[in-house]
1. Of A82, A25, A57, which residue is modelled with pLDDT under 95 and either touching a Leu at 6+ places or on another chain (Cβ under 7 Å) or assigned by TED's automatic domain parsing to the domain that holds E130 (or both)?
2. Do any helices (runs of 4 or more DSSP H) entirely within region 246-314 hold 1 or more residues that are at pLDDT below 50 and small (G, A, S), and if so, which?
3. Going through region 117-141 one residue at a time, which ones are assigned to a helix (DSSP H, G or I) and of a type outside the set (A, V, I, L, M, F, W, C)?
4. Just one of (1) farther than 14 Å from I2 by Cβ; (2) touching an Asp or Glu at 6+ places or on another chain (Cβ under 6 Å) trips up R95, so point out which.
5. Please indicate, with yes or no, whether at least one residue in region 266-273 is outside the structural domain of P107 (by TED's automatic domain parsing), farther than 30 Å from L18 by Cα and polar (S, T, N, Q).
6. Residue by residue through region 259-273, note down the ones that are touching a residue at least 24 places away in the same chain (Cβ under 8 Å), among the β-branched types (V, I, T) and surrounded by fewer than 20 Cβ atoms within 10 Å (Cβ to Cβ).
7. I'm trying to understand the selection: among the residues of region 49-72, which are outside any loop (DSSP other than H, G, I, E, B) and either buried (at least 19 other Cβ atoms within 10 Å of the Cβ) or acidic (D, E) (or both)?
8. Taking the condition outside the structural domain of T185 (by TED's automatic domain parsing) and in a helix (DSSP H, G or I), does V214 pass?
Amino acid sequence: MILVTGATGTVGREVVRLLSACPGALPGVRVMTRDPTRLVGACRAAEPVAADYRDPASLARASAGVRTAFLVTADVGGDDDAVFLSAARAAGVRRVVKLSAAAVLDPGADDAITRWQRGAEELLRGSGMEWTLLRPRSFMSNALSWAASVRSERVVRTLYGTSSNACVDPRDIAEVAVRALTEDTHAGQAYTLTGPSAISAVEQTEQLGRALGVPLRLEELTRDQARAAWGRRYPAPVVEALLVSADRQRAGAKAQVDAAVGTMTGRPARSFEVWARDHREAFGAVPARESGAGSGDTGPGAGSGAGSPLGAGG
């Protein structure tokens, strides 16, 4: 049995979709969410379980009979990882594949989010279970945070528009995760996951505009404007961590490309241009069924990066 936590999230639901393509896989896939009524697509065909990191008894039920778990947590500074790992170990879970972040490798990254991620990794490595760490750069899907302004104003607003990040398509993260969950050769391994090249918000704006067939312009936010915008969504310590992370990106700390996606999947990592083309509908493009163009998942983003929502990346 494989347990997928965060099954309604950007990466989790894609992990379930890919697992569903494996012959006979879904009877052995359990999806964990606080609200099973939110499950859609392939997740509805898997075994649902209602569980919450704040309810250890529900985690024990979710982990019963599980051999391998995909672990996603997002409560910065919280103890979700510790509570889950305790329940998983007691239930006899053999292996945990953890979604972490590339920033943990940067000795210059000492913000609240990265410290929390490092601590979560340490807990897993010391858990006594087999472990695999996935450390993505920022998600390309962070660009979905621009969707409303692109639809209404043809404008992208972001901090430090010319700084580059080797952001990664969440579908690539999910594909690597599925291999780590289903193959026996990844125990004790950590994989840094990036796109094929570093790209700035200016370049993303240009490529997104081409995908939509409309001109877009970028308005660069000041630090105070970014702080105010993020402050409407996140607590103050997280906002300050995001600002420090953006400073690191401007200094070039997030531009390095890693080959792990290609090595693990046997094909090149997807580019932002491909991601933008596949997600045009989220930005107001004519749906594929009318235009004949392809489209992909347009759910909410996760990660920290160009659009600066919270989560994996760094």
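1. Values: A82 fails: modelled with pLDDT under 95; A57 fails: modelled with pLDDT under 95.
On inspection, the qualifying residue turns out to be A25.
2. Correct list: 288-291.
3. Result: Q117, R118, G119, E121, E122, R125, S141.
4. (1)
5. No, because not a single residue in region 266-273 is outside the structural domain of P107 (by TED's automatic domain parsing), farther than 30 Å from L18 by Cα and polar (S, T, N, Q).
6. T265 - this is the single residue of region 259-273 that is touching a residue at least 24 places away in the same chain (Cβ under 8 Å), among the β-branched types (V, I, T) and surrounded by fewer than 20 Cβ atoms within 10 Å (Cβ to Cβ).
7. Once the filter is applied, which keeps residues that are outside any loop (DSSP other than H, G, I, E, B) and either buried (at least 19 other Cβ atoms within 10 Å of the Cβ) or acidic (D, E) (or both), region 49-72 yields V49, L59, A62, S63, T68, A69, F70, L71.
8. No; evaluated as a whole, the condition is false for this residue.
The values are calculated or read from the model by the stated rules, or taken from the named source; none is laboratory data. Only a predicted model underlies this, so the values are computations on that prediction, with no experimental measurement involved. Using ideal geometry, Cβ is built from the backbone for each residue, glycine included, and neighbour counts are taken over all protein chains shown.
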